[in-house]
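S.K.: Right, I'll just put the structure down here and ask away after.
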Ligand SMILES: NC(=O)c1ccc[n+]([C@@H]2O[C@H](COP(=O)([O-])OP(=O)(O)OC[C@H]3O[C@@H](n4cnc5c(N)ncnc54)[C@H](OP(=O)(O)O)[C@@H]3O)[C@@H](O)[C@H]2O)c1
């Protein structure tokens, strides 16, 4: 956690950067180009996209003009919900490879555990979808495989029925939504946890007097505090901005440490507006 260049070892030996750029909502090519270029200049190496974001083509183009060899980057994508099942997921992986313009994707995830029309059979559905990821992994199309929004019961189902253990679980995590049970289970199973939407409570926290005092004490913005908070939990935070200057600001989180007392305060914050998503609702 000393530098943006630090990496964490996944359970298959692949090393993944400890911090990443999200891209959801960024479909415009110029926005993708400018933010990914700013990210690379600031030291980000992990770029997170998904079929669902409709921007794999744009991200693929943007990483080629970012001033770095594509092999230096760690690219993640995810199978979209309508593409569950062995055949559709296998095809989805090939489509992602083509859209991104890559020979192999560094990390590919099942985006959501319970999807429309297959909710009653989510156990079998995830096993079949996972088999497509396992086969693509063994064929060298993907360097690491994982899941997203999987709670303990979804993980247990997969672990009991897989050939290859998931390496990553990407879930919503920030003050007020700490998903302790899932995080502890992942830690026990050597599944690295990525944090999506780590900046969610930025507005609410900006109005909190103690947080305001922390921004002065550390000389950091609320966004930087939130991202550092995530790193100090050993999550891999993924954060998105459509503005290059914010992408740069969000990377300046490796030169300070939030004290234990302040972490305790942030850990206890609760917000009415946020809760972990109900992943059992079919999407
Ligand atoms: N697996 C999943 O189901 C899932 C779900 C959601 C997200 N994700 C991934 O996680 C990534 C991050 O999540 P997210 O995009 O929802 O949320 P986020 O990164 O927590 O927050 C993004 C929001 O914060 C604003 N922002 C960014 N930097 C800021 C700064 N320094 N100061 C003030 N505001 C700032 C952005 O506005 P501007 O863009 O206007 O700067 C945007 O509105 C996504 O892009 C995606 O890759 C995954």
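S.K.: As a test, work out the antiparallel percent of DSSP beta bridges whose residues both lie in region 1-139, rounded to the nearest 5.
M.R.: Taking every DSSP beta bridge within region 1-139, about 25 percent pair in antiparallel fashion.
S.K.: Report the relative contact order of the chain, percent, no decimals, based on alpha-carbon pairs under 8 angstrom and at least 6 residues apart.
M.R.: Working: 529 pairs, mean separation 58.9, N = 283.
Relative contact order of the chain: 21 percent.
S.K.: In Å, what Kirkwood hydrodynamic radius results for region 90-135 from the alpha-carbon pair distances?
M.R.: On the way: mean 1/r = 0.0858 Å⁻¹.
11.7 Å is the Kirkwood radius here.
S.K.: Then there's this: Over region 98-220, calculate the relative contact order: mean separation of alpha carbon pairs under 8 Å at least 6 apart, over the residue count, as a percent.
M.R.: That works out to 21 percent.
S.K.: Where does helix 222-232 land angle-wise versus the long Cα axis of the chain, in degrees 0 to 90, nearest 10?
M.R.: 60
S.K.: Could you work out the relative contact order of region 1-154? I mean the mean sequence separation of Cα pairs under 8 Å and 6+ apart, divided by the number of residues, in percent. Kindly include the intermediate steps, with their values, before the conclusion.
M.R.: Values: 264 pairs, mean separation 29.7, N = 154.
The value is 19 percent.
S.K.: For region 42-125, just say rounded, prolate or oblate: build the C-alpha gyration tensor, square-root its eigenvalues into a ≥ b ≥ c, call rounded for a/c under 1.5, and beyond that prolate if a/b exceeds b/c, oblate if not.
M.R.: prolate
S.K.: Can you divide the C-alpha Rg of region 142-283 by 2.2 N^0.38 Å and report the result to two decimal places?
M.R.: For region 142-283, the normalised Cα radius of gyration comes out at 1.12.
S.K.: Once you sort the root eigenvalues of the Cα gyration tensor of region 1-88 as a ≥ b ≥ c, which label holds: rounded (a/c under 1.5), prolate (a/b larger than b/c) or oblate (the other case)?
M.R.: Oblate shape, in that a/c is at least 1.5 and b/c is the bigger or equal ratio.
S.K.: If you don't mind, another one. Counting each DSSP H run of 4 or more residues in the chain as -39500 (n - 2.57), what helix-only mean residue ellipticity at 222 nm follows after dividing by all residues, to the nearest 500 deg cm²/dmol?
M.R.: Result for the chain, helices only: -12000 deg cm²/dmol.
S.K.: Across region 31-185, what fraction of all alpha-carbon pairs, as a whole percent, falls in each successive 10 Å bin from zero upward?
M.R.: 11, 39, 33, 15, 1
S.K.: If you don't mind, there's one more thing I want to ask. Relative to the first principal axis of the alpha-carbon coordinates of the chain, what is the inclination of helix 86-100, with its axis defined by its Cα atoms, in degrees from 0 to 90 and to the nearest 10?
M.R.: For 86-100 against the chain, the angle is about 50 degrees.
S.K.: Now for a separate question. Only bridges whose two residues both fall in region 125-240 count here: according to DSSP, what percent of them are antiparallel, nearest 5?
M.R.: Bridges in region 125-240 are about 10 percent antiparallel.
S.K.: Quick one: work out the % antiparallel among DSSP beta bridges in the chain, nearest 5. Mind dumping the intermediate values first?
M.R.: Numbers: 4 of 29 bridges.
About 15 percent, rounded to the nearest 5.
S.K.: Report the Stokes-Einstein translational diffusion coefficient (µm² s⁻¹, integer) for the chain, Rh taken as the Kirkwood radius over Cα pairs, at 37 °C with viscosity 0.692 mPa s.
M.R.: Approximately 172 µm²/s, per Stokes-Einstein.
Each reported figure results from applying straightforward, stated rules to the coordinates on display, with no laboratory input. Since we're looking at a predicted model, the values are computed, not measured.
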